[in-house]
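Reading through the structure tokens given below for one structure.
The values are calculated or read from the model by the stated rules, or taken from the named source; none is laboratory data. Just so it is clear, the structure is predicted and the values come from calculations on it, not from any experiment. Every residue, glycine among them, receives a Cβ derived from its backbone with ideal geometry; neighbour counts consider all protein chains shown.
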Amino acid sequence: MRTRYRKGARDAIALASVAGAVIVALVTATAASAAVPGLERVLRTSEFNSTNVKVNGAPCPDGKRLLGGGGDITGGLGEVELDRLRPGLFGITAIAVEDEDGTDANWFVRTYSICADPLAGLQIVQADGPSNSNNKHMTAVCPAGKRLVGAGGEIIGEESHVVMNDLIPDPELTKVTVRGLENQNGTADDWFIRAHAVCANPLPGLELVTGASALNSNAKSAVATCPAGKRVLGAGAEIKQDAGQVVLDDLTPSAGLTSVTVTGREDQDGIAADWRARAYAICATA
């Protein structure tokens, strides 16, 4: 099994984290209407090569602000992990990392930002968990009276040994929980989780829709579809397994913002146990 030198990957991610850090930020907006004005999906694609870490941002158009987003990986086949979806007020950044033994295959990451005219009370809440070498989760909570419109999560430290297993909005849309699992090789080094909740004043028709895949031991996708007349504002994912051997490969809002697709893929060693993928779509009247 080939071992790759990963310090440069960790340094690149650390640099990106410092440059893009947002703790709490507010946007002043006019009162919300019965719709989400200016709603659109922005897509950006990274380079297609075998670089072991890729940082790819999708900026919102001038005058618009981020609500939610996602990312997906093409190539790598379970040896590349979508380990960070970092929201900022002006777009989301996706960071994908090869696992500890890397891959010679070419791959790329696509980043999706869901943008709109500024919403009333738009705010990003960040919560950092403890730094240690245990499996863990962290929750970011919207301020009282506000509701979740988008979500993000990050695994920080030892990214090549840890998978971001869950990015789960709660049914009441007040918070988001991010979970990380070490893979079968584990690590003695410390790492932590950063959860991001994108919050705003309540919107008409705001609801959480979920969709689950079959339960088996194959690569699989799940789709959550908004009801008629509603569109996706934010997205979440869950990989229902406890071995750290299934990577989050796709968290993709559709081009028309009608649905969210989540794909999980087993690592190169595979896993005999059954597991399930679940997609979450935060929908509102559009």
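Just one of (1) over 19 Å from the mean Cα position of the chain (by Cα); (2) in a loop (DSSP other than H, G, I, E, B) trips up Ala284, so point out which.
(2)
Check Ala120, Ala105 and return the single one that is surrounded by fewer than 21 Cβ atoms within 10 Å (Cβ to Cβ) and either at positive phi or touching a Gly at 6+ places or on another chain (Cβ under 7 Å) (or both).
Values: Ala120 fails: either at positive phi or touching a Gly at 6+ places or on another chain (Cβ under 7 Å) (or both).
Residue meeting the stated conditions: Ala105.
Determine which single condition Glu159 fails, assuming it passes every other condition in (1) modelled with pLDDT of 95 or more; (2) among the acidic types (Asp, Glu); (3) more than 12 Å from the chain's Cα centre (by Cα).
(1)
Residues of the range 39-80 being touching a residue at least 40 places away in the same chain (Cβ under 8 Å), surrounded by fewer than 20 Cβ atoms within 10 Å (Cβ to Cβ) and part of a loop (DSSP other than H, G, I, E, B), which ones?
Leu39, Glu47, Phe48, Ser50, Pro61, Gly63, Leu77
When you look at Asp101, is it at pLDDT below 95, part of a strand (DSSP E or B) and among the charged types (D, E, K, R), yes or no? Talk me through it step by step, then tell me what you get.
Details: at pLDDT below 95: yes; part of a strand (DSSP E or B): no; among the charged types (D, E, K, R): yes.
Answer is no for this residue.
Looking only at the range 192-244, count how many residues are out of contact with any His (no Cβ under 8 Å at 6 or more places or on another chain) and not in a loop (DSSP other than H, G, I, E, B).
Qualifying residue count for the region: 32.
Output the residue which, of all residues in the range 190-243 that are of a type in the set (Ser, Thr, Tyr) and under 19 Å from the mean Cα position of the chain (by Cα), is surrounded by the most Cβ atoms within 10 Å (Cβ to Cβ).
Quick first cut of the range 190-243, residues of a type in the set (Ser, Thr, Tyr) only: 210, 213, 217, 221, 225.
Remaining after also requiring under 19 Å from the mean Cα position of the chain (by Cα): 210, 213, 221, 225.
Working: Thr210: 17, Ser213: 21, Ser221: 17, Thr225: 17.
It comes out as Ser213.
For the subset of the range 253-286 comprising residues that are in contact with a Pro (Cβ under 9 Å, 6 or more places away or on another chain) and surrounded by fewer than 23 Cβ atoms within 10 Å (Cβ to Cβ), which member is nearest to Leu82 (Cα to Cα)?
Taking the range 253-286 as the starting set, the residues that turn out to be in contact with a Pro (Cβ under 9 Å, 6 or more places away or on another chain) are 259-261, 280-285.
So of that shortlist, the ones also surrounded by fewer than 23 Cβ atoms within 10 Å (Cβ to Cβ) come out as 259, 261, 285.
On the way: Ser259: 20, Thr261: 14, Thr285: 30 Å.
Top of the filtered list is Thr261.
Looking at (1) out of contact with any strand residue (DSSP E or B) (no Cβ under 6 Å at 6 or more places or on another chain); (2) small (Gly, Ala, Ser); (3) on the phi > 0 side of the Ramachandran plot, which is the only condition Gly244 fails?
Every condition holds for Gly244 apart from (1).
Going by what's in this entry, would Thr258 be described as of a type outside the set (A, V, I, L, M, F, W, C), at pLDDT 90 or above and in contact with a Cys (Cβ under 8 Å, 6 or more places away or on another chain)?
Details: of a type outside the set (A, V, I, L, M, F, W, C): yes; at pLDDT 90 or above: yes; in contact with a Cys (Cβ under 8 Å, 6 or more places away or on another chain): yes.
Against the criterion (of a type outside the set (A, V, I, L, M, F, W, C), at pLDDT 90 or above and in contact with a Cys (Cβ under 8 Å, 6 or more places away or on another chain)), Thr258 qualifies.
Which count do you get for residues in the range 130-183 that are of a type in the set (Gly, Ala, Ser) and assigned to a strand (DSSP E or B)?
Our first condition is that a residue be of a type in the set (Gly, Ala, Ser); within the range 130-183, this holds for 131, 133, 140, 144-145, 150-153, 157, 160, 180.
From what's left, assigned to a strand (DSSP E or B): 140, 150-153, 180.
Adding up the residues that qualify gives 6.
Can you tell me which residues in the range 104-117 are part of a loop (DSSP other than H, G, I, E, B) and out of contact with any Pro (no Cβ under 9 Å at 6 or more places or on another chain)?
First, the residues of the range 104-117 that are part of a loop (DSSP other than H, G, I, E, B): 104-106, 117.
Of everything in the range 104-117, those that are part of a loop (DSSP other than H, G, I, E, B) and out of contact with any Pro (no Cβ under 9 Å at 6 or more places or on another chain) turn out to be Asp104, Ala105, Asn106.
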